[in-house]
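The values are calculated or read from the model by the stated rules, or taken from the named source; none is laboratory data. Model, not experiment: these values are computed from the prediction. Every residue, glycine among them, receives a Cβ derived from its backbone with ideal geometry; neighbour counts consider all protein chains shown. Please note that ligands, DNA and RNA were not included when accessible areas were found on the heavy atoms of the full protein model with its side chains. Shrake-Rupley method; radii C 1.70, N 1.55, O 1.52, S 1.80 Å.
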Amino acid sequence: MKRKFLVSISLSILSIYTVCAQSVDSNHTLFYKSPAAQWEETLPLGNGRLGMMPDGGINHETVVLSEISLWGGSEADYSNPEAAKYLPQIRRLLFEGKNKEAQEVMYEHFVPKKPESGGTYGTFQGMADLHIDYNCTGEVNGYTRWLDLSEGVAYTRYQSDGNQYTRSYYVSRDKDVMVIHLQASQPGSIDLQLSLNRKECGTVTVENNADGVRLKLYGTLDNGRADHDGMKYAAYVAVKTIGSAARRQAGDRSLIVRQADEAWIVISAATSYFEGNGYEQKAAGLLDKVFASSFPALQAEAVKSHQALYNRASLQIQGNPEAEQLPTNERILRFQTNEDPSLAALYYNYGRYLLLSSTRPGSLPPNLQGLWANDVQTPWNGDYHLNINVQMNHWPAEQGNLSELHLPLIEFTKQLVKSGEQTAKAFYGSDAKGWVAHMMTNVWQFTAPGEHPSWGATNTGGAWLCAHLWEHYLYTGNRAYLQEIYPVLKGASEFFLSTMVVEPTHGWLVTAPSSSPENTFYVGNDKTPVSICMGPTMDNQLVRELFGNVMESAKLLGIDREYSKQLAAAVKKLPPHQISKEGYLMEWLEDYKEVDVHHRHVSHLYGLHPGNQISLINTPELAAACRQTLERRGDGGTGWSRAWKINFWARLGDGNRAYKLFKSLLQPAYTPENPTQHGSGTFPNLFCSHPPFQMDGNWGGTSGISEMLLQSQDGFINLLPALPDAWSAGELKGFKVRGGATVDVTWSNGKVKQAVVTGGFSKKLRIRMPAGCTRVQVVQGKKQYSFTKKYFELTLPENERAELKFQ
């Protein structure tokens, strides 16, 4: 039996090495020739709740552990009774063109009040560091570590003293635990010592269990309140070993393994956010279930569950074979000067991988950090910014055939309503109806303005979230879901309908006070930067979109006719899009001079993307103004800003300019010579650098690639609408369009050759003839027919396929 087992282990390791020795699948693999030197080089793994990032160290390895709900802070009442009292004064000053004076009043009075009961806003926090000390004394050669996106598994391998060591890392969706599988080609070669630590609010103990020694890390986070405890959490680590000489023993707050043939390190965790007082039992129970199962089957089960999501869609782009065989960090370094088309395919597939790894139904939506954090104080609290960032996180969800991963954000939005209703009345007066959310929130349903009105006064965060509720319907057509979310949409619209005011110059209906995130301008000759205004363009676009979506929802549901009439009348009074004398789209009601013409936010182009009020087809004059706006803004900006601009240029049909922005997004965040000097761009593990790291840039870039290849926002399917010259040949599979259809496309020499469309809930499909094509042959079941029109229509029932061959 022992001989058979050793043969099995050797064959398993040989199989892994054989795969890695062959050419790398450049579309689905990140790989490196050395351990990670800093956190931004480690490889992310997750199951939508738990996350880990191993650095692949040889003698000492650090694995950073995360749990999506581990937050400091608490629920609290930030209502400021004074705020609404000063609202008439603030609006009067805005009507008089005294924006600076209005801003001064807001800084003094229109801010959240410190909760009387105590409590803090809080921050998303990393959970712990798992430290693994290995007994490797010989010379190391053949080192490689990689992340197989298609499996959801990371690997580390190397040889030392004639022994071949392999580590496999994954986070199981089924068992809801993190696993590190250790193998060696020679029996009895696995020796290690495990320990856990946390910078604060963490205690480590060693426990004996029927399955052996376990490490336990537990603590209570600070929440600024005296009346009840903050977030509680617990994490457990245990090891399963194989081998006649293997032994496990307790050390000083550590776990020691000696002479094992094979070992599995299993980590579980839970918090009181989801589990209440049962968080310890939950974490321990997850570990118990794993130890009662078959360890050799763990990885295959995890891969199968991962692939059920990952394999729905993919992208391949014909590339540069020489570049594709380089380690990922070298590909990034060379990308600015050497063409490497398939790096875009890897980036797209990685974006989908990151999304399915960082959220799941029943969990929380990904935050600024996604799921992963390496500190107890994350940048910008690792929260949910509602003026672009959390929305950008979800742009690939529907397009990328991961529709159910939109659900955590939808549930999160629904939970904001009660707090948003209180905020509406506290800050906008007793006559305010519905609910409102400003520019940031947390897991404690914070909906008040930010403490700095210059950026915190934007009150269309809830409206933007509602766009995601509606978008989910456009891709799924679920009427029961629409009925469920309608009160949320209506409540958001009621807030604006009851609080918007008529400005005196044109008689337009506007939000006041507000701001255009997070930009500043000068009023007249005064050189004091000002943010506070009324009716910024983005607000007008969001309110117009929200009112329209509520009216359409009411029509589909056959309800609220009178209310829809009120919304329709209000829409007619909203400010129109305005084009300046210089030809760019105006950001404010007046053509103020920006403090920074190259500001990272381009909020007034929301109507171009992700909205659809502006398009090349339906509003060419406004589209031209958007182009001029982007030329004026420039191609610079932080990581996520560059990502957003990819989407803008894709909507404008300019693939080469979008590709230029993609290359800019992938500028190295640092050079090997200055590894601690981080700038905007991309880290070696393909994380986006704001700086510092923010995950939104990754998902914005993923969406941008998708928009370059497939669009459906104008009422028709547009194949390869913004294909850059560099992507001359490739294949996309499983991309979704509005109406629920699924689309596969193959192209070569820059032209669509074939497409397969699988019907969704909407049977009528309108398709635009792709650029460079004049005829399409359609094969649908036993039917065959052709079109030569610029636009053609198909009637395609749900799940029925049609094959399109273009000439």
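A few remarks follow.
- Just so you know, in the stretch 102-151 the residues that are closer than 30 Å to Leu217 by Cβ and polar (S, T, N, Q) include one that is surrounded by the fewest Cβ atoms within 10 Å (Cβ to Cβ), and it is Thr137.
- If only residues of the stretch 191-228 that are within 30 Å of Gln164 (Cβ to Cβ), among the charged types (D, E, K, R) and part of a strand (DSSP E or B) are counted, the one that is least open to solvent (accessible area, probe 1.4 Å) is Arg214.
- Residue pairs whose Cβ atoms lie under 6 Å apart, separated by 6 or more positions or on different chains, with the first residue in the stretch 247-261 and assigned to a loop (DSSP other than H, G, I, E, B) and the second hydroxyl-bearing (Ser, Thr, Tyr) and open to solvent by less than 10 Å² (accessible area, probe 1.4 Å), do not occur.
- Tallying residues that are over 15 Å from Ala284 (Cα atoms), open to solvent by less than 50 Å² (accessible area, probe 1.4 Å) and either at pLDDT below 95 or more than 28 Å from the chain's Cα centre (by Cα) (or both) within the stretch 231-244 yields 3.
- Unmet criterion (only one of (1) polar (S, T, N, Q); (2) open to solvent by 10 Å² or more (accessible area, probe 1.4 Å); (3) not in a helix (DSSP H, G or I)) for Ser498: (3)
- Long-range neighbours under 9 Å by Cβ, at least six apart or interchain, first residue within 30 Å of Leu630 (Cα to Cα) within the stretch 565-581, second outside any helix (DSSP H, G or I) and of a type in the set (Gly, Ala, Ser): Lys573/Gly507; Leu574/Gly535; Pro575/Gly535; His577/Gly607
- Unmet requirement for Gln281, which otherwise passes all of (1) of a type outside the set (Lys, Arg); (2) in a helix (DSSP H, G or I); (3) crowded, with 17+ Cβ neighbours inside 10 Å: (3)
- The set of residues in the stretch 73-101 being crowded, with 20+ Cβ neighbours inside 10 Å and not in a loop (DSSP other than H, G, I, E, B) consists of Ala83, Ala84, Leu87, Ile90, Leu93, Leu94, Asn99.
- Residues that are touching a helix residue (DSSP H, G or I) at 6+ places or on another chain (Cβ under 6 Å), under 29 Å from Ala480 (Cβ atoms), aliphatic (A, V, I, L, M) and open to solvent by 30 Å² or more (accessible area, probe 1.4 Å) do occur in the stretch 539-551, at least one of them.
- Of all residues in the stretch 288-320, those being out of contact with any Ser or Thr (no Cβ under 6 Å at 6 or more places or on another chain) and under 15 Å from Ala726 (Cβ atoms) number 4.
- The number of residues in the stretch 588-611 that are open to solvent by less than 10 Å² (accessible area, probe 1.4 Å) and in contact with a strand residue (DSSP E or B) (Cβ under 9 Å, 6 or more places away or on another chain) comes to 5.
- Residues in the stretch 22-61 that are farther than 19 Å from Gln325 by Cα, of a type in the set (Asp, Glu), out of contact with any helix residue (DSSP H, G or I) (no Cβ under 8 Å at 6 or more places or on another chain) and open to solvent by 20 Å² or more (accessible area, probe 1.4 Å): Glu40 alone.
- For the stretch 527-560, a residue qualifies if it is part of a loop (DSSP other than H, G, I, E, B) and among the hydroxyl-bearing types (Ser, Thr, Tyr), and the qualifying residues are Thr528, Ser531.
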